[in-house]
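Reviewing the structure listed below.
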Amino acid sequence: MADLFSLRGETALVTGGTRGIGQAVAIGLAEAGADVLLVQRSAESTETKKAVEALGRKAYIYVADLADPAAVAAIVPRALADGHTIRILVNCAGIQIRHAPEAFPDADYRAVMGVNADAVFALCRDAGAHMLGLAPSATTGRRGSIVNFASLLSFQGGLNVPAYAASKGAVVQLTKSFANSWTARGVTVNAVAPGYIATDMNEALINDTDRAASITARIPAGRWGTPDDFKGSVVYLASRAGAYVSGHTLVVDGGWMGR
Ligand SMILES: NC(=O)c1ccc[n+]([C@@H]2O[C@H](COP(=O)([O-])OP(=O)(O)OC[C@H]3O[C@@H](n4cnc5c(N)ncnc54)[C@H](OP(=O)(O)O)[C@@H]3O)[C@@H](O)[C@H]2O)c1
């Protein structure tokens with residue numbers, strides 16, 4: 001059973017690993033045996049790198065602002081030029097901007113779509129093209145795997161978050177589209193859709209105590225999720241255990257969607 005979930009010898013490229021869900025996921029991948037390439041805006045944020053190294057795995061920081069398409073386009077070529085073989089891609093970086101829809105500025109719409117959807121598309125394309133050229137991994141049984149972070153707002157419209165909802169709808173559709181072309185060729189593509197998770201992204205909701213309490217009351221698990229709740233789902237989708245799962249969006253929400 002341990003082999004089924006092992007990522008020994010694999011290298012994962014992870015965005016959004018500086019904090020929140022992405023940090024827990026990067027550490028979870030390392031706990032399963034993977035080395036990690038951390039794509040982040042600043043080289044000064046070294047907490048995750050140190051945590052991965054403390055597990056005996058290797059970690060490398062690649063500085064890139066995912067809002068900048070040229071910087072995004074350079075990520076995979078730079079990692080390959082450094083000699084890395086990318087077996088796993090986790091697109092976890094994301095931003096949220098809230099306004100009433102009738103006053104939602106174009107610039108904020110574009111900013112959200114840029115990081116949450118455009119960068120996901122480009123990194124899937126570039127890392128996937130690389131994975132398709134690899135021999136299958138003895139550890140996972142396939143050439144590579146991609147896990148994209150979606151949201152409950154891939155399915156629901158939310159309130160005052162039209163750009164975010166549009167971007168996360170796009171993530172699910174991109175995931176299915178890439179999976180349709182690549183699964184038979186040895187690259188699985190899936191998404192994870194978190195429910196309400198206690199991270200910086202939800203600071204405004206958490207500080208609104210009435211709203212936070214009404215959300216908690218609706219979650220069958222009776223609590224908000226934590227970043228550590230995502231280690232298992234990502235390792236599952238990237239490992240041999242998830243080899244026959246592709247094009248799927250795995251909701252990890254304490255039961256919210258079933259209610
Ligand atoms: N929290 C939730 O309840 C929830 C629910 C549904 C979906 N999600 C999704 O899950 C993922 C992780 O969410 P989270 O709550 O962990 O978010 P978070 O705590 O706000 O962290 C966001 C991460 O994205 C990175 N990032 C943002 N803009 C970037 C840019 N332009 N270039 C490079 N990196 C950038 C941040 O880096 P810096 O440290 O440099 O800012 C940080 O590592 C996101 O895709 C989010 O949409 C979260």
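If the Cβ limit is 9 Å and pairs must be 6+ apart or interchain, which residue in segment 171-188 that is under 19 Å from residue 118 (Cα atoms) pairs with which residue that is surrounded by fewer than 23 Cβ atoms within 10 Å (Cβ to Cβ) and of a type in the set (Asp, Glu)?
Going by the 9 Å Cβ cut-off, there are no qualifying pairs.
How many of the residues in segment 240-259 are over 17 Å from residue 141 (Cα atoms) and touching a strand residue (DSSP E or B) at 6+ places or on another chain (Cβ under 9 Å)?
The number of residues fulfilling the criteria is 10.
Among residues belonging to segment 49-76 that are over 20 Å from residue 117 (Cα atoms) and out of contact with any strand residue (DSSP E or B) (no Cβ under 6 Å at 6 or more places or on another chain), point out the one that is farthest from the ligand (Cβ to nearest atom).
The qualifying residue farthest from the ligand (Cβ to nearest atom) is 56.
Could you count how many residues in segment 235-259 are on the phi > 0 side of the Ramachandran plot and either within 16 Å of the ligand (Cβ to nearest atom) or assigned to a strand (DSSP E or B) (or both)?
Matching residues across segment 235-259 total 2.
Taking residue 232 as the residue in question, decide whether it is small (Gly, Ala, Ser), part of a helix (DSSP H, G or I) and more than 19 Å from residue 143 (Cα to Cα).
The answer is yes for residue 232.
In contact with a helix residue (DSSP H, G or I) (Cβ under 6 Å, 6 or more places away or on another chain) and part of a helix (DSSP H, G or I): does that describe residue 176?
Judged against the criteria, residue 176 is not a match.
Does segment 6-22 hold any residues that are part of a helix (DSSP H, G or I) and crowded, with 24+ Cβ neighbours inside 10 Å, and which are they?
Across segment 6-22, the qualifying residues are 21, 22.
With more than 19 Å from the chain's Cα centre (by Cα) and small (Gly, Ala, Ser) as the only criterion, which of 33, 28, 17, 56 stands out?
When all the criteria are applied, what remains is 56.
Within segment 180-218, count every residue that is under 15 Å from residue 89 (Cα atoms) and buried (at least 21 other Cβ atoms within 10 Å of the Cβ).
7
Within segment 31-48, track down each residue that is under 22 Å from residue 116 (Cβ atoms), in a strand (DSSP E or B) and either among the β-branched types (Val, Ile, Thr) or more than 10 Å from the ligand (Cβ to nearest atom) (or both).
Answer for segment 31-48, where residues must be under 22 Å from residue 116 (Cβ atoms), in a strand (DSSP E or B) and either among the β-branched types (Val, Ile, Thr) or more than 10 Å from the ligand (Cβ to nearest atom) (or both): 36, 37, 39.
Quick check: anything in segment 116-135 in a loop (DSSP other than H, G, I, E, B), within 16 Å of the ligand (Cβ to nearest atom) and closer than 16 Å to residue 66 by Cα?
no
For segment 232-243, indicate whether the set of residues that are surrounded by fewer than 13 Cβ atoms within 10 Å (Cβ to Cβ) and over 18 Å from the mean Cα position of the chain (by Cα) is non-empty.
no
The numbers here are math on the coordinates, done by the rules we state, and not lab data. Treat the numbers as computed from the prediction; the structure is a model and nothing was measured. Note: ideal-geometry Cβ built from the backbone for every residue, glycine included; neighbour counts use all protein chains shown.
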